[in-house]
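The block underneath contains the structure these notes are about, expressed in structure tokens.
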Amino acid sequence: MEVKEQLRNVTVPADHSIGQRMPAKPFNKAVIVTRLTLFTLAVLTIYAFYSFDYKELDFMDALLGTFANLKTIFLEPHLKHFSFGHALYQVMVTLGLAFLTTLFGAIIAVLFGLLAAENLSSKKVSIVIKSMVAFIRAVPTVLWVLIFAVAAGLGSTAAVIGMTFHSIGYLIKAYSESFEELDRGVIEALQASGANWWQIVFQAVIPSSITYMISWTFLRFEINFAVAVAMGAAAGAGGIGFDMFMASSFYLDMREIGAITYFILAVAIILEVFAARIKRKLKTA
Amino acid sequence: MQADIFAKKKRNTLAFLLLLGAVTILAMIITEYNALKGFASIPKAIQWGMANFYPTAESLEKLPVILEKLQETLLVSIAATSAAAVFALLFSIFGSNTTRVNAFFGAITRGIATVFRNIDVAAWALILLFSFGQSALTGYFALFFGSFGFLTRAFTETIDEVSGGSVEALKATGAGYFSIIFQSVIPSSIPQMISWILFMIETNIRSATLIGLLTGSGIGFTFNLYYKSLAYDTASLVVVVIIAAILMIEYASNYVRKVIL
């Protein structure tokens, strides 16, 4: 669910593309660390398989069973416990949750993003906010939601507040990085002409990074849709995720899971196509 | 006309804000989100957290059990990511524009990856629960499928970016397909691929918590158990342990990334 988020978090260094030279020494630090990392991962993977609690599961049986189930799920979907209209409405609820989280996250993140950008605030403030973001991101979303559920009760209210945390953390990082790209000279020129901090922000900083902000925010909306599905299933936040949880754990109806999966898949692909179009439009504009 | 441009800009902004407001109200109505209750719950949650949500001496006794579960979750995440990376490497080589065997095959591999990427890990967990039950393998395969879809896309982009020129050069010298892959494509993209794998492991630990909640295994289940039985002090200890584990892994992967990139 937070997978997509990571894809955009890695800034790919451009200097790797052309003209990468052979390492001067065949065994420099990078090579050693690379091999060590791969070796560690391999060892841990083997150990993991050895240590799993299989609970006397017949692996082949389960695997064949899964293939049979996948066939049922994807080739014979049906809706039994609710209608097509209800499913569509629940998808809208999930989209609504994603929208509210993204909106609240964006509003709060603009404020903190400005403070986290080193060229607009001080280094100290920036570090404090960045470590807060690291902390927020370390707590899985579902735990945020469940912690707030104690105070607000299970349901959409706790879900929106809990899910907003990760949106804030993610968007602060994205916004502040695009704010930091602003030329120092522009800020200095505005300062010299007597503009105050707010004027600099609204006349120079935000207009120059608005296209980035829109595309990052929409990407987060896409992620939040997946998160909202998961929260519906795990934390009773409502929406299509909750129906999926019911179909799986309560009615044990595989065909219904298939139908719901198709709904989710359709929305996810529509959002992805839409995001690609927004990105292209912003690039050309 | 200058004045017109500003007037138009203002109108556009206003229209955009009105639309945003309308969608917000609509979203609040259909999700039954109560804004007042929402904002009121933040101070309430903080108050409650201060009063109940911290580990006590009693809960520390449960630490060995919790750490054991954490180890299971960590291992599941790492194993799922590593195995997914191997498959993703294969698929990305066949799916990338520079190294694919032919266009038809490339489109198929990319299509498979798109489907896998867009079905959420939570959905995978619920699907797999039928045949694998409450074993660690449910979580393992859910993470595996999710990571596979994502890593295939990431690796494809890496290969496209890194090896365009060198592949052409090697083709010109008459190198065979396999020597191009093993001598040029993989060595030049391995640092970035490792970086992606490390990110995926971090993400998967967070997702593993969620999957654990759904499928009854690992650290997520442990949290749920204490949470549902209102043992909030122990539940908070689980949260602390998860935070510590994720920050540690983030630190380690940042170090590796800094050295190899």
> Picking from A:Gly169, A:Gly162, which residue would you name as being within 11 Å of another protein chain (Cβ to nearest Cβ), out of contact with any His (no Cβ under 8 Å at 6 or more places or on another chain) and either at pLDDT 85 or above or at positive phi (or both)?
Replying inline: A:Gly162
> Any residue at all in the range B:157-168 that is touching a residue at least 40 places away in the same chain (Cβ under 8 Å), touching a Ser or Thr at 6+ places or on another chain (Cβ under 7 Å), outside any helix (DSSP H, G or I) and buried (at least 23 other Cβ atoms within 10 Å of the Cβ)?
Replying inline: yes
> Here is a list of conditions, (1) away from chain A (no Cβ under 12 Å); (2) surrounded by 19 or more Cβ atoms within 10 Å (Cβ to Cβ), and B:Ile108 meets all of them except one; can you say which number that is?
Replying inline: (2)
> From the list A:Leu57, A:Leu41, which residue is at pLDDT below 80 and either over 30 Å from A:Leu265 (Cβ atoms) or at the interface with chain B (Cβ under 7 Å from one of its Cβ atoms) (or both)?
Replying inline: A:Leu57
>> Only one of A:Ala247, A:Ala233, A:Ala268 is within 9 Å of chain B (Cβ to nearest Cβ) and in contact with a His (Cβ under 9 Å, 6 or more places away or on another chain). Can you tell me which?
In response: A:Ala247
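One line per residue, one yes/no per condition, for (1) in a helix (DSSP H, G or I); (2) surrounded by 24 or more Cβ atoms within 10 Å (Cβ to Cβ); (3) more than 8 Å from chain A (Cβ to nearest Cβ):
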{"residue": "B:Ser179", "(1), (2), (3)": "yes, no, yes"}
{"residue": "B:Ile186", "(1), (2), (3)": "yes, no, yes"}
{"residue": "B:Ile190", "(1), (2), (3)": "yes, no, no"}
{"residue": "B:Ser195", "(1), (2), (3)": "yes, no, no"}
{"residue": "B:Met200", "(1), (2), (3)": "yes, yes, no"}
{"residue": "B:Thr203", "(1), (2), (3)": "yes, yes, no"}
{"residue": "B:Leu210", "(1), (2), (3)": "yes, yes, no"}
{"residue": "B:Leu213", "(1), (2), (3)": "yes, yes, no"}
> Give me the pairs: first residue in the range B:182-209 and of a type in the set (Phe, Trp, Tyr), second residue part of a helix (DSSP H, G or I), beta-carbon distance under 6 Å, and six or more apart or on different chains, which are they?
Replying inline: B:Trp196/B:Ala154; B:Phe199/A:Gln6
>> Against the condition hydroxyl-bearing (Ser, Thr, Tyr), more than 30 Å from B:Ala123 (Cβ to Cβ) and part of a helix (DSSP H, G or I), how does A:Thr157 come out, does it pass?
In response: no
>> Quick check on the range B:160-170. Is at least one of its residues over 21 Å from B:Phe91 (Cβ atoms) and away from chain A (no Cβ under 12 Å)?
In response: yes
> Residue check: is B:Ala175 modelled with pLDDT of 85 or more and either buried (at least 23 other Cβ atoms within 10 Å of the Cβ) or more than 31 Å from the chain's Cα centre (by Cα) (or both)?
Replying inline: no
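The values are calculated or read from the model by the stated rules, or taken from the named source; none is laboratory data. Predicted, not measured: the structure shown is a model, and the values here were computed from it. When we count neighbours, we look across all protein chains shown, and the Cβ atoms used for this are built from the backbone with ideal geometry, even at glycine.
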